[in-house]
Structure formats: structure tokens, C-alpha cells
1. Which value, in nm² and rounded to one decimal, describes the direction-averaged projected area of the C-alpha convex hull of region 9-143?
2. So which aspartates and glutamates can K46 reach, going by Cα to Cα under 17 Å and dropping same-chain residues fewer than 8 places off?
3. Using only Cα atoms, find the angle between the long axis of helix 118-129 and the longest principal axis of the chain, and express it within 0 to 90 degrees, rounded to the nearest 10.
4. Mind listing the phi-derived Karplus ³J(HN,Hα) values for region 48-56, rounded to whole Hz, using 6.51, -1.76 and 1.60 with θ = phi - 60°, and x for any glycine or proline?
5. For the pair K14/C129, report the inter-label distance in nm, with labels modelled 7 Å from Cα in the Cβ direction.
6. What lysines does K168 reach when the alpha-carbon gap must be under 21 Å and sequence neighbours fewer than 8 apart in one chain are set aside?
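None of the figures in this text is laboratory data; all of them are computed from the coordinates on show. Values in this document were obtained by computation on a predicted structure and should not be read as measured data. Reconstructed Cβ throughout: ideal geometry from the backbone, glycine too, with neighbour counts over all protein chains shown.
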Amino acid sequence: MSEQRLPATVITQKLVNQNAELTGTIAVSQLRRLAAVLCSSEGEAKVQLHFAIDDQRRQRVAAEVSCNVHILCQRCLKPMPLTLDSKVEAVLVASDEAAQQVPRQLDAVITEEGILNTQEFIEDELLLCLPFTSFHEYNCGLYAGSDETSQQPERRKPFADLADIMNKS
């Protein structure tokens, strides 16, 4: 059974004032940049967003995202399952200048005219969760110790004969 779809955009001021929480899903196929690096654009990202005002009167959003995807194994070039999980807290700001004022330990999300594009926000977080390299945890590829490597003939060492001559002298 599918959960409620998360709206593509939200008005942040209204949600922050209500201390609101949104829960829903976004289809992976709607996240074009993420879908481009996956083997399949099937599936959904489960999202929970909490909007609030912090002690310094800044608008904040806390997000929890979870998504099961299939990515290409770089050893065997076959699809492999991968779970992407992210938790992030960010300050909602109106401009690049305001984002510069946010302390370094906090993330800043720029909203256009008080509207947050939830799909872009969630997609950015999922893209940051992707591993630099992806491969199965078990021996799936062609690297040292695999069956195909061990069938190759032994290489002749060019200076092996020289070592024999030196040992006889």
C-alpha cells in the first residue's frame, strides 16, 4: 500500500509557523538526476519533514529520507541493491547572502520566495548518500584471486635466469 505523495513544493512560512510535519513518498522516477545514475528508476523514497523555528528565530527543516534503489556494481557491471538513508537539519534562507551568514556546522537551503522545492531538496540529499564506488560485498568481479585470473598461464620472469647464473658463480 502506497503512502501519501509528498507535494512537489511547500510554502515554508506557513509550515514553520504551524510547527508542521509532512510525511509521504516521492517516486524515484520523478528524481531525474538520481534516476540517471541508477539501473532502474523504480521505487519510492520515504520522506519525513519537520518544520520549526529554532532558538535564534531561524526557520529550520529536519528531514529523514530512506530509499531502496539498484545501482551498477563496478566490479561485475550487474545491478545491486542499495539502501540510501539520510538525516539532515537545515536552515531555510531566502538568498545566497543569507546562506553565507549561516554557521558552518549547519546546512542552508535557499527557498525561492518562501517556497521550498521538496523534490530537489530530497534528491540532493539522496545524491549525497550515493557511494563514490559501488560493488557487491562478495567476490563478484574479475580481480586477483577470482577464477578467471587463476586460469591464466604463469608469466615468465625475465631476470629469473640471471638470478640462477649469479647463484652458480
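1. Values: hull surface 37.2 nm².
Computed as one quarter of the Cα hull surface, the answer is 9.3 nm².
2. Of all the aspartates and glutamates, those that pass the test against K46 - Cα under 17 Å, at least 8 places apart if same chain - are E3, E21, E64, D85, E89, E120, E123, D124, E125.
3. On a 0 to 90 degree scale, this one is about 30.
4. 10, 10, 10, 9, 7, 10, 8, 5, 8
5. Here the answer is 2.8 nm between the modelled labels.
6. Straight-line reach from K168, under 21 Å: K157.
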